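Take a look at the structure set out below.
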């Protein structure tokens, strides 16, 4: 769906360096989408989800325990957040209807998405903010905080740009929100979640392949922070040709995953040439996985293993049944022999006295 792709791309774009921290909000309003709230929003700190709100529950759900500490010196914080989220829901709903009019649309499936947030460099103290708007998955408007102007990414957005640029104090307020209020809150979150956000977790790295003729995927999952590199080497040198890198995506447990695809035929010769390398920021030693056909998980390999297990599962009972049949035959033969001997010993001579 539109918003799922938008969210994944946004998380990848704002991956941070160890000194750079981010607070990002993603909101989506949609129409006629089954089993999805009309409006929902999520918030991330350094790529880790911390909050969730939707129009069905109308409640803010905290995803990380350390996030709750923000109310220690501001008891009304969550009440304020709830009011802001409810207001955003109504504004986004109105903007969706306005966008539909801009494109001369009425019914059907449509979405209006907003991504906004800020970044803070804890070494230099520098801050910055951003805001991007999409309609039906296509870039629509973006806000440039430094110049306090809106940039129309679509012809239908020029009318909205002109309107917002002309509202007295509107753009100045957006700049304050993005470059002052947002960084202030971000610093609180980073301070409260320092132990969680500064930890390092190494991933599980494996090689995957759909078919023997398809690309070999090096997949790393379960690492933190998101600042990591995954690449292929040939004869010890990083290569870019025949390599396609995937996105860095969040896992549900606060860690991340990524992948790199190598377009090469797996042969005994190539096995000795290629290797996948994962490097996590702040960790000196890399994880190196050599290209080895025996270690590649693939549909064909899995099916082969399953067939082998089935064959063993069938063969074992057959062997047992055969052995049982042999044992029964041996006992039957012995029983007949003993029975015959017993009969011979029990015969009384039929002769006259």
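The values are calculated or read from the model by the stated rules, or taken from the named source; none is laboratory data. No experiment lies behind these values; they were computed from the predicted model shown. For neighbour counting, all protein chains shown are included, and Cβ atoms are generated from backbone atoms with ideal geometry for every residue, glycine included.
Overview of values
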{"item": "Condition broken by residue 268, with the remaining ones in (1) over 12 Å from residue 218 (Cα atoms); (2) surrounded by 13 or more Cβ atoms within 10 Å (Cβ to Cβ); (3) at pLDDT 85 or above satisfied", "result": "(2)"}
{"item": "Unmet requirement for residue 285, which otherwise passes all of (1) closer than 21 Å to residue 202 by Cβ; (2) surrounded by fewer than 15 Cβ atoms within 10 Å (Cβ to Cβ); (3) touching a strand residue (DSSP E or B) at 6+ places or on another chain (Cβ under 7 Å)", "result": "(3)"}
{"item": "Members of segment 83-121 found to be part of a loop (DSSP other than H, G, I, E, B) and more than 27 Å from the chain's Cα centre (by Cα), listed by number", "result": "103, 104, 105, 106, 107, 108"}
{"item": "Residue match in segment 201-208 (condition: within 15 Å of the chain's Cα centre (by Cα), loosely packed, with under 15 Cβ neighbours inside 10 Å and assigned to a strand (DSSP E or B))", "result": "yes"}
{"item": "Residue match in segment 51-65 (condition: assigned to a helix (DSSP H, G or I) and either farther than 30 Å from residue 187 by Cβ or without any contact (Cβ under 8 Å) to a residue 40 or more places away in the chain (or both))", "result": "yes"}
{"item": "Any chance residue 41 is part of a helix (DSSP H, G or I) and surrounded by 16 or more Cβ atoms within 10 Å (Cβ to Cβ)", "result": "no"}
{"item": "Of all residues making up segment 250-266, the number that are over 11 Å from the mean Cα position of the chain (by Cα) and more than 18 Å from residue 210 (Cβ to Cβ)", "result": "0"}
{"item": "Residue 186 under 29 Å from residue 133 (Cα atoms) and touching a residue at least 40 places away in the same chain (Cβ under 8 Å)", "result": "yes"}
{"item": "Residue match in segment 277-288 (condition: at pLDDT below 95, more than 25 Å from residue 49 (Cβ to Cβ) and either part of a helix (DSSP H, G or I) or in the same structural domain as residue 190 (by TED's automatic domain parsing) (or both))", "result": "no"}
{"item": "Yes/no for residue 54 being surrounded by 15 or more Cβ atoms within 10 Å (Cβ to Cβ), at pLDDT 95 or above and either assigned by TED's automatic domain parsing to the domain that holds residue 111 or within 26 Å of the chain's Cα centre (by Cα) (or both)", "result": "yes"}
{"item": "Residue within segment 210-229 that is more than 30 Å from residue 42 (Cα to Cα), surrounded by fewer than 16 Cβ atoms within 10 Å (Cβ to Cβ), modelled with pLDDT of 95 or more and outside the structural domain of residue 20 (by TED's automatic domain parsing) present", "result": "no"}
{"item": "First in segment 76-87 and in the same structural domain as residue 37 (by TED's automatic domain parsing), second anywhere and surrounded by 15 or more Cβ atoms within 10 Å (Cβ to Cβ) and outside any helix (DSSP H, G or I), Cβ under 8 Å, 6 or more apart", "result": "78/60; 81/51; 81/60; 82/53; 82/60; 85/41; 85/53; 85/60"}
{"item": "Filter result for residue 128 (in the same structural domain as residue 31 (by TED's automatic domain parsing), at positive phi and surrounded by 14 or more Cβ atoms within 10 Å (Cβ to Cβ))", "result": "no"}
{"item": "Some residue of segment 237-247 being touching a helix residue (DSSP H, G or I) at 6+ places or on another chain (Cβ under 6 Å) and either part of a helix (DSSP H, G or I) or assigned by TED's automatic domain parsing to the domain that holds residue 222 (or both)", "result": "yes"}
